[in-house]
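No lab work stands behind these numbers, since they all come straight from the coordinates. This one's a predicted model, so the numbers in the text were calculated from it and none came from an experiment.
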Amino acid sequence: DQQVKQNSPSLSVQEGRISILNCDYTNSMFDYFLWYKKYPAEGPTFLISISSIKDKNEDGRFTVFLNKSAKHLSLHIVPSQPGDSAVYFCAAVTGTASKLTFGTGTRLQVTL
Amino acid sequence: SAVISQKPSRDICQRGTSLTIQCQVDSQVTMMFWYRQQPGQSLTLIATANQGSEATYESGFVIDKFPISRPNLTFSTLTVSNMSPEDSSIYLCSVAPTGGIPINYGYTFGSGTRLTVV
């Protein structure tokens, strides 16, 4: 049972444009949603998160939107930079200090 | 946020042998999590390690195959036992943010151990 899904395995965006990464979930009990970036041979790096009681959180170039009725969240990166090229995972957690449930990942490539 | 030192970073092992992966955290944490990322796949939780009690394993993972030690609040090990090529994966440890609420800081991950079993 895949509770968190990222339906796009890959995305290519031109430098300077907006990157939109999507994530869907099925468990309405999730309290927090997180986005991670992962380079090969490194551990995931935390980018941004959002509480289930919010619909938007912004941090610099990164904005996460949450649509609870649709059980959908998205990560917007504006403007995209070549260094953003990586695999992006969304993750969700119920409660505090509990396990993360990860999506399947989207490979973002930012081209010049 | 916590800083995690994980080692080894990579290893190539013979089938039938065991490998122990270590994670050292720079602060005391209640729970540590161990994940596996198989090639081209997502991160899957193996087990949650609490100090002073037995680890809690997820469905599909058993203690005999993945024994975990948690001797104190800053250290944990995961052993991959009797390895087969199917165990070739990246193994990662993780800790929750202080206070447990992942808003300003997410869960921190080690740099991962890339295991190849031949």
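Entry note, chain A: relative contact order of 38 percent, from Cα contacts under 8 Å with a spacing of 6+ residues.
Annotation: amide H of B:Val117 within the under-5 Å range of B:Cys13, B:Ser88, sequence separation 5 or more or interchain, hydrogens built in the peptide plane.
Can you classify segment B:24-111 as rounded, prolate or oblate using the Cα gyration tensor, where a ≥ b ≥ c are the square roots of its eigenvalues, rounded means a/c under 1.5, and otherwise it's prolate if a/b beats b/c and oblate if not?
Values: a/c = 2.08, a/b = 1.38, b/c = 1.51.
Oblate, because a/c is 1.5 or more while a/b does not exceed b/c.
Take every Cα pair under 8 Å whose residues are at least 6 apart in sequence, average their separation, divide by the length of chain B, and the relative contact order is 37 percent. Determine the shape class of chain A: with a ≥ b ≥ c the square roots of the Cα gyration tensor eigenvalues, call it rounded for a/c under 1.5, and otherwise prolate if a/b is greater than b/c, oblate otherwise. Prolate, because a/c is 1.5 or more and a/b exceeds b/c.
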